[in-house]
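First comes the structure, then the notes that go with it.
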Amino acid sequence: MILGDRCSRNCQFCNVDHRELLPPDPEEPERVAEAIKAVGLKEAVITSVTRDDLADGGAAIWAETIRAVQKLTPDVLIEVLTPDFQGNTAQLDLVLNTHPSVYSHNLETVPRIYPTARPQANYQRSLAVLKHSADSGLITKTSLMLGLGESMDEIKISMQDAFEAGCQIFYAGQYLQPSKAHLPVERYVTPDEFASIEKTAYDIGFEFAACAPLIRSSYHKEGQSELVRNKLRTN
């Protein structure tokens with residue numbers, strides 16, 4: 001996770017710190033690249049807090065980090081999981097133009113629950129971010145966390161929305177309450193229901209899906225890397 005450990009937003013499902021925000025560290029891109037090389041990773045997921053306080057939303061640091069990793073470890077698959085940059089396509093393009101292996105931005109939940117779970121975000125804006133990525137030719141991914149009170153019909157509608165926006169990869173997992181101060185779990189989705197959702201994802205047309213209680217957006221189910229490498233070779 002880059003751009004610090006403090007977020008400018010206050011999503012009601014997230015346990016990231018909300019204290020006074022600190023300036024970005026200009027040396028962070030090189031440190032991230034060096035850490036990935038030192039560990040010997042073959043694939044890396046880079047994410048960040050949301051930095052609405054910064055003039056560019058942190059996009060420059062994002063781009064520098066991706067380029068630093070690409071330079072030091074050119075064979076590593078880089079999946080980026082970014083905030084929405086408030087829908088600013090110029091900022092988003094700074095990230096997309098570095099050509100990460102996979103671009104991911106999470107819808108997180110269904111539209112009806114956004115005002116409660118993500119009061120500073122916007123469902124349509126997040127869909128537009130995904131579409132902009134897909135239209136730029138990148139492998140695009142999104143995820144939902146389930147158990148906040150969404151219906152199965154709402155889940156399917158959001159999956160269809162994501163597919164129509166151009167997403168090729170879809171993940172879904174169970175929401176777990178980080179603390180008593182966060183949104184409660186309304187329901188634990190059963191493994192059978194998750195299996196049904198994964199089947200629905202493939203029926204809709206997603207090229208890869210991973211849906212299970214412990215799936216998280218940064219989790220790589222066996223098969224995703226193979227799909228990504230094959231698509232990168234043919235593009």
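Contour minus end-to-end for ALA35 and ASN88, with contour as 0.36 nm per residue of separation and end-to-end as the Cα-Cα distance?
Working: separation 53, 0.36 × 53 = 19.08 nm, distance 3.00 nm.
The span from ALA35 to ASN88 would gain 16.1 nm if fully extended.
Given LYS156/LYS180; LYS37/LYS180; LYS131/LYS199; LYS42/LYS131; LYS37/LYS199, which pairs have Cα atoms separated by over 31 Å?
LYS37/LYS180; LYS37/LYS199
Dipole of region 28-234, Cα-centred, from +1 at each Lys and Arg C-beta and -1 at each Asp and Glu C-beta, to the nearest 20 debye? Write out the running numbers ahead of the final one.
Details: 20 positive and 27 negative charges, 59 e Å.
So the magnitude is around 280 debye.
Starting from the Cα gyration tensor of the chain, take the square roots of the eigenvalues, sort them a ≥ b ≥ c, and report rounded, prolate or oblate (rounded when a/c is under 1.5, otherwise prolate if a/b is larger than b/c, else oblate). Intermediate values should be presented prior to the final figure.
Values: a/c = 1.61, a/b = 1.19, b/c = 1.35.
Cα axes put the chain in the oblate bin.
Can you compute the modelled spin-label distance between ASP56 and ASP75, with each label point 7 Å from Cα toward Cβ, in nm?
Output for this residue pair reads 3.1 nm.
Give me a comma-separated list of calculated 3J(HN,Hα) values for region 134-139, in order, Karplus coefficients 6.51, -1.76, 1.60 applied at θ = phi - 60°, integers in Hz, x for any Gly or Pro.
Each residue's phi maps through the Karplus curve to give 4, 5, 7, x, 8, 5 Hz.
In terms of the Cα gyration tensor, with a ≥ b ≥ c the square roots of its eigenvalues, is region 68-111 rounded because a/c is under 1.5, prolate because a/b exceeds b/c, or oblate?
Numbers: a/c = 3.69, a/b = 1.68, b/c = 2.19.
Here region 68-111 falls in the oblate category.
Can you tell me the relative contact order of region 28-234? Whole percent, Cα pairs under 8 Å, sequence separation 6 or more. Present the calculation step by step, with values, prior to reporting the outcome.
On the way: 331 pairs, mean separation 33.5, N = 207.
Averaging sequence separation for qualifying contacts and normalising by length gives 16 percent for region 28-234.
Can you tell which of ILE113, PRO26, TYR175 lies farthest toward the positive end of the dipole of the chain, using +1 and -1 charges on the Cβ of basic and acidic side chains (Lys, Arg; Asp, Glu)?
The residue sitting most towards the positive pole is TYR175.
Could you tell me how far the Cα centroid of region 112-190 sits from the Cα centroid of region 23-55, in Å?
24 Å
Do you know the relative contact order of region 1-150, to the nearest whole percent, from alpha carbon pairs under 8 angstrom that are 6+ apart?
Details: 249 pairs, mean separation 34.1, N = 150.
Relative contact order, region 1-150: 23 percent.
Normalised by the residues of region 106-154, what does the relative contact order come to in percent, with Cα pairs under 8 Å and at least six apart? Don't jump to the answer; show the numbers that get you there.
Details: 35 pairs, mean separation 25.4, N = 49.
So the answer I get is 52 percent.
Rule-based calculations on the coordinates, nothing more; no lab input. The structure displayed is predicted, hence computed values, not measured ones. Counting neighbours? That spans all protein chains shown, and the Cβs are built from the backbone with ideal geometry, glycine included.
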